[in-house]
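Notes to accompany the following structure.
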Amino acid sequence: MKILLRLIVMLLLVIGGSVTYMVSFESDYIYFPDREIKQTSQDVGLDFREINFKTEDGITLHGWYMPHAHASFTLLHLHGNGGNMSNRLHQYQRWHALGLAVFAFDYRGYGDSEGSPSEAGFYTDAKAAWLLLMQKSGLTPAKIIIAGRSLGCAVAAKLAADVNPAGLALEVPFTSIPDMSAANYPWLPLRWFVKTHFDTEAAVRQSKVPLLLISAQSDEIIPEGMAGRIFAAHHGPKLRGALPGGHNDFETVSKYTYFKLWQRWLNSLKIVKPAPVQWVRKHAKTNT
């Protein structure tokens, strides 16, 4: 009996120590920023304008606006937790081929953006990017699509619930960080202690804008079933596709199907006349 009690105490100490350590260094398990901009949109044949703009808490962020002469919508992209926007150039090419102008930027702590990553900071960054599009480009919410990838889906869904854009596109989303913690470390009670939430499911429930949700059939990072829960939580017009491929290559493995799915969804949205494009001067820098 004494041996059993000792084993239980030791197990509890190990679990408690592991949880304390992981919660103390929580950010190291969530954010994987890269400061180096390896290439620009010009390297894949896209004209762009370099934009530096400030958040309401004084952080300077760095972004690229990639115009399209006949765009009916401008897409605001919120990328995932690793790398920076220079790792997503082929994604911008695909959207441009679909007739979309694209505005991409790096969160605080990523690429050439100032600051350090945080959940609250990411929401603030997304809001600043949205306001920039509204104030400097002459766009209205009905002419902007918000798109998120992986962790960026939570940021995109939260922003969409607040600003009511033309549409919300989520690619390989997860439900929440507590759910991911439980899925990846089922032997630890992390879901009850993590401070970061990024709750995509809850944010989607608050919005009725048209939704496109794309998941990967062989996703090695996001547990099966999470995409279905997010899709079910949305109560507006919606379209879902589960494409062959993994978390980071589904759009390449399923290139044709991916393109057709996006095209189908875009065709279902209310088409508006292109707004006058003000950010068309090539490779110029501006500070806002």
Check your understanding: Given (1) outside any helix (DSSP H, G or I); (2) farther than 24 Å from residue 30 by Cα, where does residue 117 come up short, assuming only one miss?
Key -> (2)
**Study point:** Residues satisfying the stated conditions in the range 169-199, i.e. over 30 Å from residue 267 (Cβ atoms), of a type in the set (S, T, N, Q) and crowded, with 17+ Cβ neighbours inside 10 Å
**Key:** 176, 181, 196
**Study point:** Selection from the range 200-258 of residues that are buried (at least 22 other Cβ atoms within 10 Å of the Cβ), over 21 Å from residue 181 (Cα atoms) and small (Gly, Ala, Ser)
**Key:** 207
Review point. Can you find a residue in the range 148-160 that is surrounded by fewer than 20 Cβ atoms within 10 Å (Cβ to Cβ) and of a type outside the set (Val, Ile, Thr)?
Key: no
Exercise for review: Could you list all residues from the range 149-190 that are basic (Lys, Arg) and not in a helix (DSSP H, G or I)?
Suggested key: 149
Exercise for review: Consider only pairs whose beta carbons are under 9 Å apart and that are at least six residues apart or on different chains; among these, list those whose first residue lies in the range 122-148 and is farther than 25 Å from residue 27 by Cβ and assigned to a helix (DSSP H, G or I) and whose second residue is among the small types (Gly, Ala, Ser) and modelled with pLDDT of 95 or more.
Suggested key: 132/63; 141/166; 142/166; 143/166
Practice item. Of all residues in the range 74-111, count the ones that are crowded, with 22+ Cβ neighbours inside 10 Å and polar (S, T, N, Q). Key: 2
Exercise for review: Determine if the range 16-28 includes at least one residue that is more than 19 Å from the chain's Cα centre (by Cα), within 21 Å of residue 126 (Cα to Cα) and crowded, with 17+ Cβ neighbours inside 10 Å.
Suggested key: no
Check your understanding: So residue 57 fits all but one of (1) crowded, with 21+ Cβ neighbours inside 10 Å; (2) more than 16 Å from the chain's Cα centre (by Cα); (3) over 17 Å from residue 137 (Cβ atoms); (4) of a type outside the set (S, T, N, Q); what number is the exception?
Key -> (1)
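Are any of the residues in the range 205-220 within 17 Å of residue 149 (Cα to Cα), of a type in the set (Val, Ile, Thr), under 16 Å from the mean Cα position of the chain (by Cα) and not in a helix (DSSP H, G or I)?
The answer is yes; a qualifying residue exists.
The values are calculated or read from the model by the stated rules, or taken from the named source; none is laboratory data. These figures come from a predicted structure and were not determined experimentally. Using ideal geometry, Cβ is built from the backbone for each residue, glycine included, and neighbour counts are taken over all protein chains shown.
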